[in-house]
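Only one structure is covered here, and it is reproduced in the block below.
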Amino acid sequence: MLGLPRWVGIVASVGALFIVLPLVAMITRVNWPEFGALVTSESSVAALGLSLRTSVVSTALCVVLGVPLALLLARTQFAGQKVLRALVLLPLVLPPVVGGIALLYTFGRRGLLGSTLEVLGIQIAFSTTAVVIAQTFVALPFLVLSLEGALRTVGTRYEAVAATLGAKPTTVLLRVTLPLVLPALISGAMLSFARALGEFGATLTFAGSLQGVTRTLPLEIYLQRETDPDAAVALSLVLVLVAVVVVGLSRGVSERRGSERGGSERSLSERRLSERDQPARGMPL
């Protein structure tokens with residue numbers, strides 16, 4: 001193992017404490033005797049259920065929209081590609097409230113598309129659909145970023161072999177490309193789910209806070225912070241635990257599939273070396 005300077009470990013410890021200490025401080029403020037009652041109140045259960053449902057739908061949308069985007073960015077070259085990549089990743093650095101305003105002026109009653117949809121009797125803003133759109137807007141870059149990096153890492157040699165054998169592009173995509181990057185796809189989807197579950201700013205701006213309709217768990221925590229701090233802390237802990245589980249599962253899937261692929265590639269290399277050496281072993285002296 002390559003040795004590191006001692007100061008690296010010291011600074012790394014400070015960085016770890018910077019993340020861990022606020023979580024520990026929050027845990028120490030939880031009202032444990034009443035924890036069950038706090039997280040199972042009617043408003044809390046409704047908010048948690050809405051968050052889970054909308055996050056699942058937005059994650060599915062991230063997969064449907066994000067996979068083609070990642071393929072386009074990783075497997076093609078075209079004018080304006082760098083600009084498109086920057087725009088796709090923009091929600092990562094854009095304040096969520098700004099994203100909510102952008103969505104409101106796109107799908108709102110007087111928005112770019114909302115005015116036309118309003119004529120057709122379709123209203124998106126301040127509805128459950130708006131929650132899904134807001135969550136998808138902020139979570140989509142996580143899947144695109146993970147999948148594009150994996151596509152560039154695996155290269156195109158297996159796809160080229162499949163194409164030379166007569167496989168159609170769709171067959172190559174479904175039977176070769178996607179299985180190769182499946183760990184990254186699963187990891188990106190889980191990260192997108194976690195991001196959607198914790199979305200606050202864009203949802204509040206674009207969808208509002210109607211109980212049972214648009215009030216997700218982060219919005220419920222924000223409202224409870226003023227009226228019932230104990231409930232806010234308890235619900236925050238629930239959100240942290242869900243995020244930890246999702247991130248842990250994401251890492252586990254990536255590491256397991258990565259080790260399996262590494263093991264299979266090593267076995268293939270060893271078999272090729274054995275086959276190459278076999279004729280030499282049978283040659284007379």
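Taken together, the values in this text are just the output of simple stated rules run on the coordinates, not laboratory data. It should be emphasised that the depicted structure is a prediction, and the values quoted were computed from it without experimental measurement. Virtual Cβ from ideal backbone geometry, glycine too; neighbours counted across all protein chains shown.
Structure data summary
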{"read-out": "Among 233, 183, 113 - extreme Cα towards positive end, dipole of the chain, charges at beta-carbon", "value": "183"}
{"read-out": "Computed [θ] at 222 nm, deg cm²/dmol, the chain (DSSP H ≥ 4; -39,500 (n - 2.57); rounded to nearest 500)", "value": "-25000 deg cm²/dmol"}
{"read-out": "Farthest positive-ward along the chain dipole, Cα basis, beta-carbon charges - from 244, 65, 14", "value": "65"}
{"read-out": "Shape category assigned to the range 11-116 from the gyration tensor of Cα positions, a/c cut at 1.5", "value": "oblate"}
{"read-out": "Cβ charges +1 (Lys, Arg) and -1 (Asp, Glu), total dipole of the chain, debye", "value": "1140"}
{"read-out": "Net length gained if the chain between residue 23 and residue 64 were fully extended (0.36 nm per residue, minus Cα distance)", "value": "11.4 nm"}
{"read-out": "Given the chain, longest segment not containing exposed loop trypsin sites (Lys or Arg not before Pro) (DSSP; at most 15 other Cβ within 10 Å)", "value": "111-285"}
{"read-out": "Spread of Cα-to-Cα distances over 10 Å intervals beginning at zero, given as percent, for the range 45-178", "value": "11, 31, 31, 18, 8, 0"}
{"read-out": "Cα gyration tensor shape for the range 143-242, rounded if a/c is under 1.5, else prolate or oblate", "value": "prolate"}
{"read-out": "Gain on full stretching of the segment that runs from residue 249 to residue 13 - 0.36 nm per residue minus C-alpha separation", "value": "82.5 nm"}
{"read-out": "Rounded to whole Hz, the Karplus (6.51, -1.76, 1.60) HN-Hα couplings of the range 49-65, x for glycine and proline", "value": "x, 5, 4, 5, 5, 5, 5, 5, 5, 5, 5, 4, 5, 4, 5, 4, 8"}
{"read-out": "Point-to-point label distance, residue 238-residue 81, nm (Cα→Cβ direction, 7 Å offset)", "value": "4.6"}
{"read-out": "Percent of alpha-carbon pairs separated by more than 24 Å within the chain", "value": "64"}
